[in-house]
Structure formats: structure tokens, C-alpha cells
Amino acid sequence: MGPAVAALLLTALTASRAAPAERRMVVVLYSNPPEAAGVYELSTALTQGIRSGSKDAVEIYGEYTGLDRFAGPAYEDALLALYHQKYGAKKIDLLVVEGTDAFEFVTARNFLPAVPMVTSYVAGRVVQSARKTRGELTGVLPAPTAVPTVELMLSLYPSTRRILLVLGASAHEREQAEQARSLFAPFSDRVEMSYATDLSLEQVESRVAQLPDDALVLFGSFVRDASGRDDDSTAPLARISRASRRPVFGVVREDLGAGILGGVLVSMGTAGKVSAELALRVLGGEAPSEIPLVEEPGVVPMFDARELERWGLPHRTLPSGSVILYRQPSLFEQHGRAIGLGLAVIALESMLVAGLVLQLRRRRRIEQEMARAESRYRTVADFTHDWEFWRRRDGRFEYVSPSCEQVSGHAASEFLEDPGLLDRLVHEDDLPAWKAALEAAQASGAETPLEFRIRRGDGEVRWVRFAANPVRMPDGTAAGFRGSIADVTSRKVGELALEKAYREIAELKDRLEAENTYYREKIQSVEGSGELLGQSDAMKYLHFRIRQVAPSDTTVLILGETGTGKELVADAIHALGPRKDRPLIKVNCAALPPALAESELFGHEKGAFTGSTSQRKGRFELADGATLFLDEVGELPPELQAKLLRVLQDGTFERVGGHRTLKADVRVIAATNRNLVQDVKGGRFREDLWYRLNVFPISVPPLRQRKEDIPTLALAFVDRACQRLSKPALEVPHAVMDALQAREWPGNVRELQNLMEQAVLVSDGPTLRLPEEAPFEMAGSAGSSAGRSLEEVERRHILEVLEATGWKLEGADGAAALLGLKPSTLRSRMQKLDIRRPSSS
């Protein structure tokens with residue numbers, strides 16, 4: 001990093017410290033995947049509501065706990081440790097919890113106990129109970145919908161004798177099934193409740209397909225089936241609804257439109273909106289304990305008009321106030337103009353028929369007009385831009401429009417003579433999808449759209465869109481299908497180019513976010529640090545060694561005691577090296593938790609271990625093409641030393657839980673305060689790894705070996721502390737400097753920096769005064785000038801100033817003004833240090 005950039009960063013940091021922007025931090029814990037149907041609407045309404053309604057900037061951290069799929073003390077222990085690591089040191093203003101699983105985890109594990117909490121979609125009995133022990137919480141209680149929905153089902157189908165409740169096989173869904181048994185117990189004398197739980201999706205489809213006429217289906221959720229397949233969408237519901245012999249009801253608004261006929265539905269999007277309003281009240285200063293719990297509003301019977309039509313349920317039988325969605329426009333609404341025109345034509349034809357009885361010539365003239373109209377229609381059909389055809393069940397074409405030549409490069413006659421030509425034009429990679437679409441077109445009564453590639457007669461590849469509808473004769477027998485193929489090459493090429501651009505943008509975004517994270521950490525760590533200051537022989541030699549190795553990609557091992565500035569040496573090597581335009585990725589090996597150390601360095605795949613819900617890149621992968629600084633490398637456990645050796649040897653590694661070998665071009669700079677030679681002899685550090693790291697060793701001298709640099713360092717640290725603390729510049733007396741140079745400094749430069757900041761804080765006047773409680777371990781004998789205590793140094797300094805002013809305490813030229821103290825403070829110090837004016841002889 002150049003001096004100009006460093007100055008800009010320091011200015012930006014100083015400005016941000018001088019006028020910090022108030023930012024609020026909110027953590028949201030989800031029991032269910034945020035992308036799942038219903039939860040996505042809740043999450044979107046919650047986050048948008050908080051951000052748009054808050055007068056302050058808000059950072060929202062969403063965490064999917066995975067408790068709906070994983071359970072047990074070990075998983076919760078690991079989850080709690082992860083959350084403490086991420087949020088333990090941060091000031092969290094609000095905790096929002098979605099779902100009962102996450103809420104019970106928070107209360108049982110006492111997570112963030114001092115942070116106010118807002119709940120969403122958590123059972124009322126659970127919230128009411130927890131509010132007695134954790135008072136600062138409020139939330140939105142889900143409105144009871146299951147029992148009203150069953151009542152609705154029985155009122156619409158009075159002859160019902162069985163209701164089948166469908167739930168998936170996740171731990172949360174099993175718990176829901178147990179709760180449902182007691183919830184629906186009051187209906188035992190009216191209807192038989194059976195449960196389709198802990199089954200595969202295919203088993204559920206088979207079961208609903210065999211239901212008797214006096215049965216109904218109540219769908220709860222289907223996040224996971226018995227075979228272990230996870231699905232957060234409404235696709236399982238759609239399959240169950242299509243397979244069912246009887247109507248399917250539900251309890252969640254977001255399932256309407258995916259296959260349920262209806263129900264007394266709760267909207268999770270509304271729950272998220274109300275939760276956001278409560279969160280804004282808490283962020284605005286209201287105590288959660290004083291905000292009443294809110295029951296979700298707006299719960300009404302809702303129905304899907306398409307399902308009502310499918311099951312023949314008239315609208316007039318629905319309860320008053322019911323909401324009907326997905327209405328299909330009536331035939332008259334769709335074709336009113338055509339119907340009116342048809343009626344007019346019918347009326348006209350009736351008049352013509354009556355006229356034809358009297359006027360045969362007029363009839364002949366009308367027939368001629370009809371023939372001309374038919375000719376005009378056929379002309380329009382033949383010259384449409386889309387390739388239209390009618391293909392019979394045996395594969396032969398009954399009709400092919402002339403437009404096929406524009407699309408395929410082959411004339412219509414070629415297809416009529418050779419029905420297999422169309423199949424041969426399909427691109428070989430798209431042939432399986434094309435054959436499946438043909439089978440679906442023959443078998444189903446619904447339109448089957450497909451986009452695929454064909455190879456024209458001239459060899460050009462084009463994208464086309466295919467749609468088909470079955471053709472049936474007046475007696476109902478199948479007569480093949482009508483197909484339409486449109487050339488969509490221009491649009492598809494644009495879409496593919498856009499998808500490629502989005503992928504490249506996503507990759508760049510991930511890379512920039514990763515680099516931004518490390519830049520931010522690096523900027524935060526710069527506070528209080530500085531350059532490698534000093535002009536002693538030891539420091540000149542250190543700079544010489546840095547300049548020797550920096551221009552290469554050689555592995556460097558930095559040796560030195562704690563606090564000597566090993567990280568600054570790594571920064572200097574990187575700044576002078578060929579990879580200076582890429583970030584310096586830093587890892588403190590001593591701070592890595594043993595269970596997560598390998599994942600932190602090499603990354604992990606989704607599902608590699610409990611709680612790993614997504615793929616994560618490790619530090620070596622992020623440092624590809626850059627420099628990786630391994631601080632405290634001697635603290636790595638033996639099993640990781642072997643993997644680090646492999647990366648240093650050939651640059652290859654695998655993510656945790658992965659089988660694909662990755663390669664990274666990384667320059668490694670390592671540092672340690674341990675004696676690795678002794679660790680190798682003691683078997684604590686691999687000898688082969690030691691040789692790989694010790695290619696170019698650099699030793700950073702301790703501060704006691706370069707005491708001539710102490711004045712330069714002390715003055716720099718004092719100036720920086722004054723700027724950071726917005727205090728005027730301070731003068732460092734010679735007596736203070738002598739005391740600093742007399743010390744052994746076991747904590748090296750870091751200890752000196754911390755002491756200077758303490759001294760700036762306690763100094764009231766224009767001169768620097770060391771803190772009274774500062775421990776000094778002086779070198780030399782007790783009788784030497786370097787061996788005096790702090791009080792002796794201060795006493796001597798005050799005596800020198802008093803003698804120089806003729807023992808005058810007050811006034812502009814008095815000792816108090818020169819020392820930067822009030823006269824009363826100076827008298828107090830003189831009394832404590834037993835300083836008396838000598839009597840005149």
C-alpha cells in the first residue's frame with residue numbers, strides 16, 4: 001500500500017471516528033429455509049418493512065438455523081458456538097425469531113439474553129410461557145387456522161367421513177403431526193382423522209389417488225420426504241393435488257394457487273409485515289414488554305377458482321365474505337365480441353335462409369362470397385410466420401404450413417414425404433427432451449411448450465419454441481396433435497448472453513465481496529498500527545532483508561517475539577511484491593477453532609458437516625493469485641500441517657466434504673513467535689513443513705535490542721493517539737523519554753504503543769505524563785539513573801521545573817503553567833511526592 005493510499009485510509013478512518021453514522025444491527029433467526037414457500041414472503045416483508053421504515057441505517061443479518069431438519073444437543077452446541085463467534089462481540093439492537101424451533105433454541109440456550117426480541121409465526125402458548133422469564137420480547141402470534149379449516153371442509157362437504165392430513169418427514173413436520181393429533185381430537189365423533197406422514201412423495205401420491213368418495217385431504221407442509229429429499233417449493237403440493245381423487249385443502253395463503261382448493265388461510269407475508277412494524281417500535285425505543293402480543297389480522301376463507309371448477313363446487317355454497325382468487329374469465333368475457341359477431345352472423349344466415357327460399361340467385365351469390373372468404377382464411381393460415389403442422393398418431397403429417405421453409409430450410413413437401421425429417425433436424429443434445437415433449441403431446445390434453453435447437457438444411461443452428469395441443473375427432477378419438485414451431489433465435493441468443501453475463505457478474509461479485517471483507521478487516525486492524533519505524537542498525541538490516549525477498553514469490557518465514565511487528569513485515573513484503581494489486585489475505589492460526597480450522601483454510605462443500613447449508617470458499621481459494629499470511633503458524637494442529645505441506649508443494653487441495661482437487665497460485669508468508677526448531681525436535685511440528693516454510697527466514701528484532709528507536713516510535717505513537725482522541729499535540733519531556741529507554745519492554749512495540757495511548761489519556765497539560773500505575777521494569781542496578789521508579793522520575797522532573805522558575809508556582813511563567821497543571825494540582829503532587837522548598841541559608 002503506497003503512502004498516498006495509506007494517508008487517504010487514515011483520513012477516512014479519522015473522519016468516520018469523528019462523526020460516526022448511527023447504524024442499527026438486527027439479527028433474524030429462521031426455523032425454516034428463507035427461500036421456502038411462505039417463509040420467503042415473510043422474510044421479504046420483514047426486511048423491506050424494517051429498512052423502509054427505519055430512520056437510521058439498518059444492517060440485517062439473516063441466519064437459517066436448520067433446526068427443522070437437524071436436532072440434538074451436539075448440533076445446537078455447534079450452532080450456538082458459531083453464533084457467539086459471529087455476534088458475541090457485536091452490538092445487536094434487535095433479535096427477530098421466525099418459527100417455534102428457532103425460538104425454543106434461543107430461550108433454551110439463552111442466546112443474546114440482553115437483546116430485545118420480536119417473534120414471528122411462533123405458537124402463542126410458547127411465547128406466553130417464555131415471556132415470564134425473558135420479559136423483553138413481543139411478537140406476532142399466528143392466527144388459529146387448522147381447526148376453522150376443518151370446520152369449513154365439513155360444511156362444504158357434509159358427507160365427509162375421513163380427512164387425510166399430509167405432512168412431510170422432517171423433525172419439525174413430525175412434531176406438527178403429534179400436535180395435530182391432540183388439536184383435532186374434538187372432531188373424533190364427527191370424522192375419522194388419518195395421517196400421511198413420514199412417507200415418500202410417491203407413497204403420498206399413491207395414497208391420495210386411492211381415497212374413497214367420502215374423504216378429503218388437508219395439506220400441512222412437505223419440506224422433506226421419507227427418502228431424504230428436500231424441497232422448499234410448492235412442487236410437492238402440486239404433485240399431490242394432481243394425483244388426488246378428492247379435493248385438497250390447506251392452511252397457508254402462499255399454498256393457494258399451487259393445488260389447494262382453499263381454506264381459512266394465514267398469510268405469512270402479512271405476519272412479516274406486522275413483525276416489521278413491531279421491530280420498528282422496538283428500534284424506536286419502546287420496551288418490548290410494554291408492547292402487547294399481536295394476533296395476525298385478516299384471516300378469512302380463501303379459494304382457488306380453478307380448483308372450485310375442477311371439483312364442481314358452486315360459488316354460491318361458499319361462506320359469506322369468502323375471497324376467490326385465480327378467476328378465469330368467462331367464455332363471454334374472453335370471446336364476447338366473437339360471440340356477438342357469431343350471433344349476428346347466425347341471425348344474418350337465418351335471414352339469408354329465409355330469403356333463399358324465395359331467391360335462388362341470391363343464395364348462389366352468397367355461396368360465392370363464402371367461398372372467397374374461405375380462400376382468404378386459408379391464405380392467411382398458409383402464410384403465417386410460425387411453422388404450423390398437424391401430425392397424426394402414426395407420425396405422418398396431415399398438414400404442414402409453407403412457413404416451415406423459412407424456419408427449417410426445407411419445403412413443406414419434404415416433411416409430407418419424409419415424416420422422420422423433423423426428428424433428424426433436432427440438435428442431438430436436445431433430442432431426449434424433444435422425444436419426451438412428443439410423448440407428452442400425444443398423451444396429455446394440455447399444451448406442452450419446449451424450447452430447443454434445430455439444424456437447418458444449410459447447417460445453421462437455430463433456437464425454436466414448440467407448442468402442441470392434441471387433436472380429437474368429433475367422436476372423441478385421438479387424431480394426433482397440432483404443433484406450432486416459432487423461430488426464437490434472436491431472443492434466445494440474447495437470453496443466453498445475458499445468463500452468461502449474470503454468471504460472470506455473480507462470480508465477480510463473490511470475488512469482490514470476499515476481497516472487500518478482507519480489506520475491511522485489514523482497514524479495521526490498521527487502527528493504532530504504523531510503519532516499520534526506526535533507523536537502528538537492526539531495523540536497517542530488516543529493511544534490507546525485506547527488499548531482498550519482496551520482488552519474488554519465495555515463501556517467507558518471519559520470526560520474532562510477540563508485539564515486534566511481524567504482521568507489518570508481511571505487509572511490507574506484500575506491498576513491494578509482484579502481487580501488490582491483489583489483497584493480502586491474513587489468517588491467525590492460533591485463533592482458528594479446531595473443528596473449523598480445515599474449513600477456514602480450504603473451504604467446505606454444502607452438507608460437508610452439520611450446519612453447512614451452502615458451499616464456502618477457504619482462504620487458500622480466496623488468495624488465488626494473491627498472498628496469504630499465516631500468522632502464528634506454529635499453532636496449527638498436526639493433521640492440518642500435512643495438508644498445508646501439500647499446498648506448499650504443488651498448490652493443490654480439496655474442500656472439506658469435496659472430491660474435486662482444486663489448484664491455487666498463492667504466495668505464502670508465515671510468522672511465528674515459537675522456536676520451531678525445538679518444536680520439530682519435540683515432535684510438535686513437522687520437519688518437512690519446517691523446511692518448506694524456512695526458505696527465506698527474517699528475524700524481527702525485539703525492542704530491547706534497538707532502544708535507540710524508542711524516541712521515534714514513542715513520538716509517532718503519541719501523535720497518532722492525540723489525533724485519534726482529538727487532543728492537542730503533547731511534548732515528551734526528556735525525563736519521560738529516559739524512563740522509556742530504560743525499560744526492558746517484554747511486550748515490545750505493542751506494549752510501547754499501548755503505554756503511549758494511556759499516557760495521552762491521563763495527560764492534562766501540554767506535556768506528556770506517564771500513568772501512575774504503569775509498571776516499570778528497569779534495566780541496570782538499583783542505584784543507576786535508569787533504575788528509578790516512575791514517582792522518582794516525576795519528582796525529579798517537577799524539582800527541575802521548580803528550580804528553573806525560582807519555585808514560582810502560579811502565573812504565566814510559573815511552574816504550574818510550564819508543567820501544564822493547575823496550581824492546586826501541582827501543590828497536591830508536591831505534597832504526595834514530599835517536595836519542599838529548601839530553606840535559605
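The values are calculated or read from the model by the stated rules, or taken from the named source; none is laboratory data. Since the structure is predicted, the reported quantities are computational estimates derived from the model, not experimental observations. Cβ: placed from backbone, ideal geometry, glycine included. Neighbour counts: every protein chain shown. Accessible surface is based on the protein model in full, side chains and every heavy atom, while ligands, DNA and RNA are left aside. Shrake-Rupley method; radii C 1.70, N 1.55, O 1.52, S 1.80 Å.
The portion of the accessible surface of the chain made up by carbon and sulfur, rounded to a whole percent, is 53 (1.4 Å probe; DNA, RNA and ligands excluded).
Sort 629-640, 107-118 by packing, meaning the average of other beta carbons within 10 Å per residue, with the highest value first.
Most protected by this proxy first, the peptides run 629-640, 107-118.
Summing Lys and Arg as +1 and Asp and Glu as -1 over all other residues whose Cβ lies under 12 Å from the Cβ of S322 gives a net charge of 0.
The Cα atoms of the stretch 592-651 give a gyration tensor whose axes a ≥ b ≥ c have a/c of 1.5 or more with a/b no greater than b/c, which makes the shape oblate.
Heavy-atom accessible area for F466, with the other protein chains in place and a 1.4 Å probe, reaches approximately 0 Å². Projected label points at R836 and E791, each 7 Å from Cα along the beta carbon direction, are separated by 1.7 nanometres. Compared with the direct C-alpha span, the chain from E349 to T562 gains 66.3 nm at full extension, assuming 0.36 nm per residue.
Take every pair of alpha-carbon atoms less than 8 Å apart whose residues are at least six positions apart; their mean separation over the length of the stretch 581-638 yields a relative contact order of 50 percent. Straightening the chain between A595 and K540 buys 15.6 nm, computed as 0.36 nm per residue apart minus the Cα-Cα spacing. Applying both filters, DSSP loop and at most 15 other Cβ atoms within 10 Å, to the GluC sites (Glu not before Pro) of the stretch 794-841 gives E810. Listed by number, the DSSP H helices of the chain that run 24 Å or longer by alpha-carbon position along their axis and have mean Kyte hydropathy of at least 0.0 are 331-358. Most tightly packed first, judged by the mean number of other beta-carbon atoms within 10 Å of their residues, the peptides 244-250, 485-491 read 244-250, 485-491. Among 263-276, 66-79, sorting by the average number of other beta carbon atoms lying within 10 angstrom of each residue, highest first, gives 263-276, 66-79. A cut-off under 13 angstrom between Cβ atoms defines the neighbours of T119, and their net charge, with Lys, Arg +1 and Asp, Glu -1, is -3.
Using C-alpha pairs under 8 Å with a sequence gap of at least 6, the mean separation divided by the residue count of the chain gives a relative contact order of 7 percent. Residue ranking by accessible heavy-atom surface, 1.4 Å probe, largest first, among H659, H604 comes out as H659, H604. The residues of the chain expose, per residue, 52 Å² of accessible area to a 1.4 Å probe. Each stretch of four or more DSSP H residues adds -39500 (n - 2.57); spread over every residue of the chain, this sum gives -14000 deg cm²/dmol at 222 nm.
The relative contact order of the stretch 617-731, computed from alpha carbon pairs under 8 Å that lie at least 6 residues apart in sequence, is 26 percent. For trypsin sites (Lys or Arg not before Pro), the sites in the stretch 646-714 that DSSP calls loop and that have at most 10 other Cβ atoms within 10 Å are R660. Computed over the stretch 210-274, the convex hull of the alpha-carbon atoms projects to a mean area of 5.2 nm².
Computed with every protein chain present, the accessible area of H574 is close to 10 Å² [probe 1.4 Å].
Ratio of alpha-carbon Rg to the 2.2 N^0.38 Å globular estimate for the stretch 624-775, to two decimals, please. Write down the numbers at each step before the final one.
Values: Rg = 22.0 Å, N = 152, 2.2 N^0.38 = 14.8 Å.
Here the answer is 1.48, to two decimals.
Note on the chain: Cα convex hull, mean projected area over all directions, 57.1 nm². Among the chymotrypsin sites (Phe, Trp or Tyr not before Pro) in the stretch 120-218, none is located in a DSSP loop while being surrounded by at most 15 other Cβ atoms within 10 Å of its own Cβ. Taking all protein chains as shown and a probe of 1.4 angstrom, D418 keeps an accessible surface of around 60 Å².
Start at zero, step by 10 Å, and the Cα-Cα distances of the stretch 119-172 spread as 18, 31, 28, 17, 5 percent across the bins.
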